[in-house]
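In what follows, a structure is listed as structure tokens, so that the remarks can point back to it.
The values are calculated or read from the model by the stated rules, or taken from the named source; none is laboratory data. Not measured: the values here are computed from a predicted model. Here the Cβ positions follow ideal geometry from the backbone for every residue, glycine too, while neighbour counts run over all protein chains shown. To get the accessible areas, we keep the full protein, side chains included, count just its heavy atoms, and leave off ligands, DNA and RNA. Shrake-Rupley method; radii C 1.70, N 1.55, O 1.52, S 1.80 Å.
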Amino acid sequence: MNTTKEKVQSLLNQLPDDCSIEDIQYHLYVIEKVSRGLEAADIEGVITQEEVEKRLSKWLIK
């Protein structure tokens, strides 16, 4: 597993040289949110697309 420092270094290597601090902050934010979402899915489990559609059917437009 990569350390946080290694993850940040990898991100910086992928971004263009003229990126702003805001660009870096945004990408770090997205990476953290995705990571937390994946952890939550591992712990809490997930539901199928069919179950989602069933639960949300009253709000879906057909």
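A few comments on the model shown:
- Just one of the listed residues (I31, I47) is within 30 Å of N2 (Cα to Cα), in a loop (DSSP other than H, G, I, E, B) and open to solvent by less than 100 Å² (accessible area, probe 1.4 Å), and it is I47.
Conditions tested, residue by residue: (1) open to solvent by 80 Å² or more (accessible area, probe 1.4 Å); (2) part of a helix (DSSP H, G or I); (3) touching a His at 6+ places or on another chain (Cβ under 9 Å).
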{"residue": "L11", "(1), (2), (3)": "no, yes, yes"}
{"residue": "C19", "(1), (2), (3)": "no, no, yes"}
{"residue": "S35", "(1), (2), (3)": "no, yes, no"}
{"residue": "E39", "(1), (2), (3)": "yes, yes, no"}
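- Every test in (1) without any contact (Cβ under 8 Å) to a residue 24 or more places away in the chain; (2) outside any loop (DSSP other than H, G, I, E, B) is passed by K7 save one, and that test is (1).
- Flag for K54 being assigned to a helix (DSSP H, G or I) and at pLDDT below 95: yes
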